[in-house]
Structure formats: structure tokens, C-alpha cells
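I have a structure I would like to understand better, so I am pasting it below and will then ask my questions one at a time.
The values are calculated or read from the model by the stated rules, or taken from the named source; none is laboratory data. As the structure is a prediction and not an experimental result, all values here were calculated from the model. When we count neighbours, we look across all protein chains shown, and the Cβ atoms used for this are built from the backbone with ideal geometry, even at glycine. Heavy atoms of the whole protein, side chains included, go into the accessibility calculation; ligands, DNA and RNA do not. Shrake-Rupley method; radii C 1.70, N 1.55, O 1.52, S 1.80 Å.
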Amino acid sequence: MRVAQITRPKGPFEIVEREIPNPPPGTVRIKVQACGICHSDSFTVDGTFPGIKYPRVPGHEVAGIIDEVGPDVAGWTVGQKVGVGWNGGYCGHCASCRRGDFITCQNIQVSGISYDGGYAEYMIAPTNALAMVPQELSPIEVGPLMCAGITTFNSLRNSGAGAGDLVAILGIGGLGHLAVQFAAKMGFHTVAIARGKDKEPLAKKLGAHHYIDSQSEDPASELLQLGGAKVILATVTNAQAMNAVIGGLGVNGKLVIVGAPMEPLQVSPLMLIGKRLSITGWPSGSPMDSQDTMSFCALSGVRSMNQVFPLEKVAEAYGLMMSGKARFRVVLTTGK
């Protein structure tokens, strides 16, 4: 089988042939059909995640078919359509797992970091990492939902916002273009915020009821004129952009962060106290959350907008995603 591996931190991608592995107990072998490229794959490529053993195959937005079932596996069969996301397995015995909060497992495994991921024709995954895929969704559609999709869907449905509440999406890129669709389909009064008037037609097409150009307008003031946001979902990786919108939250409003800027936020404690505001982050979710995300997409028509590359063009595809010039997600296919 062909895999795209990294042999050392900051090293180049290498397409190599390996033997097709046999699944050990408690795992399945997946014939990978598509794998999305996520910015978090840089943890493996750049070696910034502790404990990575090289060579390593990145990829945690995996869509494929179970090709072989290992010993001691129940409930999964050859031929099932499955996905694997960031939560690539959990221990089941730490405090978080005992509470059913698998995404914060103290011993979490991550596909493409803890073990070889989806930049390959085949991969091995533990059964507790698997999400069942609806028949309505193609592998290319599924890939980005396993990280970008679940993160935005899960954060919105757990944000505390209800149908009719004003919900703003900051940024309409790889995460944001999915978040706008989810927010509109969930019945929120949806506002898209981005830089430039040229993005307004797309925002409206995705379902936004209002568009705010943060280059020519004060986004906080515009949100207050609309009544103040119950939730602002920040999908950008720019702390200044987040600082600029916090004032647009209404009483008891919440800034939910899924983009990860390196610089700190600057916020007035008096503003937080006076309006009972809160700021929170949200990771992706469990494999069951991935199933919920895909089921919602199958029912509602939410889809990722993707640029597709064959596995052998992994370096070009990865470079495009990391450059910030991709519109909107990048997906590798294996031809399987």
C-alpha cells in the first residue's frame, strides 16, 4: 500500500510502499477513500506535539470502508462505511472517560499523531474511534466533517443558544463556512462576520441573515444594533479580530473559541462583569458526536466546500492548506 509519511520533524512528505497491516485485537483495518487535510496536521509535520514517533503518517479527517476486523471486535463488520476524527481512541478508565467526556480523555489517542493516520491507502484504528457514516454522504464530503464539521456543529449545539437567538460566526473560511450553514439550519438568527464586502454574497448563500464587513464597519456596534449576540463563534486564528467583536455580545452572551491564535485576548473585566459575559473554548468531540454531525448534514444538506487532490500530490495539497489560500477545505483521495 502507498502512504504519505513524515520521517522527521519539518521533513518532506515521502510517498512509500508498505505492507498492508493486519488489525490487532480491538481494531479494524480501514480502506481509506478520502482524508481531509487539517491545520492540526502541522503538529505531526512540524513535530510540535509531544511524543510523536517517526516515521508517521498524518491525517485525522478519515473516510473509508472497514476492510478487515481484528480479533475481539463486536458490532463492526467488513464493508461498513466509517470515519475517524481527532478523537482516535480513549482509555475508558480516566476521570473524564468515566464521566463520558471522551474528548478530554487524559490518555487520548489522535489519528495521525498517536498512530498512523489517513494519508494512506489503508490504516488501522481502534473501534472506539469509529463513527458510522450515512449512506447519503460521499467520502470526500465526509472527510472535513470529521474535524472541521464536528468542531463547529458540536460547539454550536452546546453553546446555549436557542432557535431565534442571534448567533454570529466570526470568519467564513474552512471552519466558518460550515459554521454559518450549521447556525442557519439550527434556526439561529445568523450573522457572518468577515473582512471585505466581496464575501457577502457567499455568506448569504451559505444561509447568513446578515453580513458584517469588519474592514468597513465596527462589528461590535453592528451586532449591538441587531440586539446583541447570544453567541459569537470565533473560527479565525486572530486574537485582534476576536477582541473587536466581544463588545457585540448581549447580556449573558458567550464568545466560543474554536480558532487557536497564539497571541492572548484582551478583554475588559468590567465588561465581563457588567453583562455577565463568558469566554470559552471548545474541542471537537467524540466519535458519536461525529455521527451526529454527519447525520445532521445528511438531513439538512450542509456540505463542505472542498479542493480535491490525489494522494501523490500530498505536498502540494498540504502546502495549499497551510498557506491560507485554500477555499475552503482540502481533501486527499486514494482512488480506493
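Restrict the check to region 18-41 and report whether at least one residue is of a type in the set (A, V, I, L, M, F, W, C) and more than 23 Å from P139 (Cα to Cα).
There is no residue in region 18-41 that is of a type in the set (A, V, I, L, M, F, W, C) and more than 23 Å from P139 (Cα to Cα).
Cβ-Cβ distance below 8 Å, separation of 6 or more or different chains: which pairs start in region 12-24 with a residue that is closer than 24 Å to N128 by Cα and end on one that is open to solvent by less than 70 Å² (accessible area, probe 1.4 Å) and basic (K, R)?
Correct list of pairs: I20/R29; P21/R29; N22/R29; P23/R29.
Taking region 267-278 only, how many residues are farther than 15 Å from V251 by Cβ and either touching a Leu at 6+ places or on another chain (Cβ under 7 Å) or open to solvent by 70 Å² or more (accessible area, probe 1.4 Å) (or both)?
1
Right, next: Which residues, counting only those in region 16-69, are within 20 Å of M146 (Cβ to Cβ) and hydroxyl-bearing (S, T, Y)?
Of everything in region 16-69, those that are within 20 Å of M146 (Cβ to Cβ) and hydroxyl-bearing (S, T, Y) turn out to be T27, S40, S42, T44.
Among the listed residues P219, P283, identify the single one that is at pLDDT below 95 and of a type outside the set (A, V, I, L, M).
P283
So which helices (runs of 4 or more DSSP H) are wholly in region 247-336 and hold at least 2 residues that are under 20 Å from L178 (Cβ atoms)?
287-300, 314-323
Another question about this same structure. Given (1) closer than 30 Å to V191 by Cβ; (2) surrounded by fewer than 23 Cβ atoms within 10 Å (Cβ to Cβ); (3) in contact with a Gly (Cβ under 8 Å, 6 or more places away or on another chain), identify the lone condition not met by D72.
(1)
Considering only region 309-326, state which residues are surrounded by 14 or more Cβ atoms within 10 Å (Cβ to Cβ) and either without any contact (Cβ under 8 Å) to a residue 60 or more places away in the chain or not acidic (D, E) (or both).
F309, L311, K313, V314, A315, A317, Y318, G319, L320, M321, M322, A326
Also: Would you pick out the residues in region 87-132 that are over 22 Å from V3 (Cβ atoms), among the hydrophobic types (A, V, I, L, M, F, W, C) and either without any contact (Cβ under 8 Å) to a residue 12 or more places away in the chain or not in a strand (DSSP E or B) (or both)?
Correct list: C91, C94, A95, C97, F102, I103, C105, I108.
Now, a different point. So for region 162-176 (the condition being under 25 Å from T333 (Cβ atoms) and part of a helix (DSSP H, G or I)), does at least one residue qualify?
yes
Given the structure, is M294 of a type outside the set (F, W, Y) and within 28 Å of M132 (Cβ to Cβ)?
Yes: the conditions hold for M294.
Out of curiosity, is V236 part of a loop (DSSP other than H, G, I, E, B), within 23 Å of the chain's Cα centre (by Cα), more than 26 Å from L299 (Cα to Cα) and of a type in the set (A, V, I, L, M)?
Considered against the rule, which asks whether it is part of a loop (DSSP other than H, G, I, E, B), within 23 Å of the chain's Cα centre (by Cα), more than 26 Å from L299 (Cα to Cα) and of a type in the set (A, V, I, L, M), V236 comes out as yes.
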